[in-house]
Amino acid sequence: MKGDAVRGHLDALLLAALEQGPLHGYAIITAVQKRSGGVLELRTGTMYPALNRLERLGLLRSDWQSAGERRRRCYELTDAGRRALGEERTAWRELTAAIGAVLDPSPAPGRAT
């Protein structure tokens, strides 16, 4: 899917990917791709700056964990991040309902089209 279509919703996608628990960067990419049925692919050059920004905003926290001989940064939601995810979901539902009403209007009850 085009990056422009995802750009305005990147924060919500990242927060949702971390809802079930901490993940490292590649696992976040994989989670979004899997949950979207392969339609959405996050690029590391876009994702990591967004993760850092969300962490500075207090919506995520991260720490370094060892995986064998490798160390990787794992991210998880804070309480503020969970609240922000709820707000993002509400805003998404309102937006999709409004766009749906414009793109696929249904006739008003009792009114012929």
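The values are calculated or read from the model by the stated rules, or taken from the named source; none is laboratory data. Since we're looking at a predicted model, the values are computed, not measured. Virtual Cβ from ideal backbone geometry, glycine too; neighbours counted across all protein chains shown. Surface areas here come from the heavy atoms of the whole protein model, side chains and all, with no ligands, DNA or RNA. Shrake-Rupley method; radii C 1.70, N 1.55, O 1.52, S 1.80 Å.
I'd like the full set of residues that are in contact (Cβ under 8 Å) with a residue 60 or more places away in the chain and small (Gly, Ala, Ser), limited to region 57-83. Hit for region 57-83 is 81, nothing else. Among the residues here, residue 50 qualifies as closer than 15 Å to residue 10 by Cβ, at pLDDT 95 or above, open to solvent by less than 70 Å² (accessible area, probe 1.4 Å) and in contact with a Leu (Cβ under 6 Å, 6 or more places away or on another chain). The condition (being part of a loop (DSSP other than H, G, I, E, B) and open to solvent by 30 Å² or more (accessible area, probe 1.4 Å)) is satisfied by just one residue among 55, 76, 94, 19: 19.
Yes/no matrix, rows are residues, columns are (1) surrounded by 14 or more Cβ atoms within 10 Å (Cβ to Cβ); (2) over 23 Å from residue 90 (Cβ atoms); (3) among the acidic types (Asp, Glu):
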{"position": "12", "(1), (2), (3)": "yes, no, no"}
{"position": "27", "(1), (2), (3)": "yes, yes, no"}
{"position": "33", "(1), (2), (3)": "yes, yes, no"}
{"position": "44", "(1), (2), (3)": "no, yes, no"}
{"position": "71", "(1), (2), (3)": "no, yes, no"}
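With respect to the conditions (1) open to solvent by less than 50 Å² (accessible area, probe 1.4 Å); (2) out of contact with any Cys (no Cβ under 8 Å at 6 or more places or on another chain); (3) outside any helix (DSSP H, G or I), residue 37 lacks only one, and its number is (1).
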